[in-house]
1. With (1) of a type outside the set (A, V, I, L, M, F, W, C); (2) more than 16 Å from ligand 2 (Cβ to nearest atom); (3) at pLDDT 95 or above as the list, and residue 66 as the residue in question, which single condition is left unmet?
2. Considering segment 1-24 alone, what residues qualify as being within 16 Å of ligand 1 (Cβ to nearest atom) and crowded, with 19+ Cβ neighbours inside 10 Å?
3. In this structure, does residue 32 turn out to be surrounded by fewer than 21 Cβ atoms within 10 Å (Cβ to Cβ), more than 14 Å from ligand 2 (Cβ to nearest atom) and at positive phi?
4. Can you pull out the residues in segment 202-230 that are part of a helix (DSSP H, G or I) and touching a helix residue (DSSP H, G or I) at 6+ places or on another chain (Cβ under 8 Å)?
5. Just to verify a result, which residue in segment 135-149, among those that are without any contact (Cβ under 8 Å) to a residue 60 or more places away in the chain and more than 13 Å from the chain's Cα centre (by Cα), is farthest from ligand 2 (Cβ to nearest atom)?
6. State which residue is farthest from residue 157 (Cα to Cα) when the search covers only segment 213-233 and only residues that are buried (at least 17 other Cβ atoms within 10 Å of the Cβ) and not aliphatic (A, V, I, L, M).
7. Quick one: would you say residue 105 is assigned to a helix (DSSP H, G or I) and at pLDDT 95 or above?
8. Does segment 115-123 contain any residue that is in contact (Cβ under 8 Å) with a residue 40 or more places away in the chain, over 17 Å from the mean Cα position of the chain (by Cα) and more than 16 Å from ligand 2 (Cβ to nearest atom)?
Amino acid sequence: MRFISLASGSKGNGYLVQAGDVTALVDAGLSGREMERRIQQAGLLASRINLLLLTHEHSDHLNSAGLLSRRFKLPVYGTAGTLSTPCGRLKPVREATERVEELPAGETLTIGPLSITPFSISHDAADPVGFVFAANGHRVVLAADLGCVTRLVAQRLAGASAVILESNHCPEMLRHSHYPLWLQRRIAGRFGHLSNADAAGLVRDVHHVGLRYLLLAHLSENNNTPRLAYEATRATLEELGATTDLRVARQGQIGAWIDLDEG
Ligand SMILES: [Zn+2]
Ligand SMILES: [Zn+2]
């Protein structure tokens, strides 16, 4: 099993998760053209993707979901809340896409060697989820766009071989930003986004020797830097004596494939 970040941050998100000949696209937050370009950069054709999974309905996650779904005949999986919610001027996902399939939190979808289990997260969306991907004895967990760490989130991260984890903002930078107070409160609140310290704290709680890769994600462009995010979690990993490979996903470029069957 392997995965890659196509884009990560408040201007658009997307990941590919692949096991055997099954490829899932998770979120489609950039324009259709840019999503396709980055999928190609990752060495794949969009026409070979089997399904599109949505974490929630915010536009940085489903901007081109309808377009890609129709163009490539992709079934779109999401919770009932996500599929029913109109986003801005967009039609509800249900109407905008080729075909939708409800995938409630806690249920597992198995396609070929890949099993996919969404879990509920705390965020200001209709019914937002993270995902546990499992194949070939490996587990990759995606947890982004969450305002706080619930017991369920910590449980889902436990035992993972790789984690994609939100490390959204530096609270100090957020406090001194030009953002209005209501927005600062929204971001830092229980239904907003995890700070660098929140991410590092969660890593401290769930780290185990089998956690090989940690990809920090959904960094704020205005209220964080890749270096600050990296250093906060790096310090925690060092205290734990961990050998986990720590990386930061970017907004403007794809990452490298992380292959769990290698090494
Ligand atoms: Zn987002
Ligand atoms: Zn969101």
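1. Evaluating residue 66 over (1) of a type outside the set (A, V, I, L, M, F, W, C); (2) more than 16 Å from ligand 2 (Cβ to nearest atom); (3) at pLDDT 95 or above leaves (3) as the failure.
2. 5, 6, 7, 8, 9, 10, 12, 13, 14, 15
3. Against the criterion (surrounded by fewer than 21 Cβ atoms within 10 Å (Cβ to Cβ), more than 14 Å from ligand 2 (Cβ to nearest atom) and at positive phi), residue 32 does not qualify.
4. In the first step, residues of segment 202-230 are kept if they are part of a helix (DSSP H, G or I); the result is 202-206, 226-230.
The answer is 202, 203, 204, 205, 206, 228, 229.
5. Among them, the one singled out is 137.
6. My answer is 223.
7. Answer is no for this residue.
8. Among the residues of segment 115-123, not one is in contact (Cβ under 8 Å) with a residue 40 or more places away in the chain, over 17 Å from the mean Cα position of the chain (by Cα) and more than 16 Å from ligand 2 (Cβ to nearest atom), which makes the answer no.
The values are calculated or read from the model by the stated rules, or taken from the named source; none is laboratory data. Being a predicted model, the structure only gives us computed values, none of them experimental. Every residue, glycine as well, gets a Cβ built from its backbone with ideal geometry; the counts of neighbours run over all protein chains shown.
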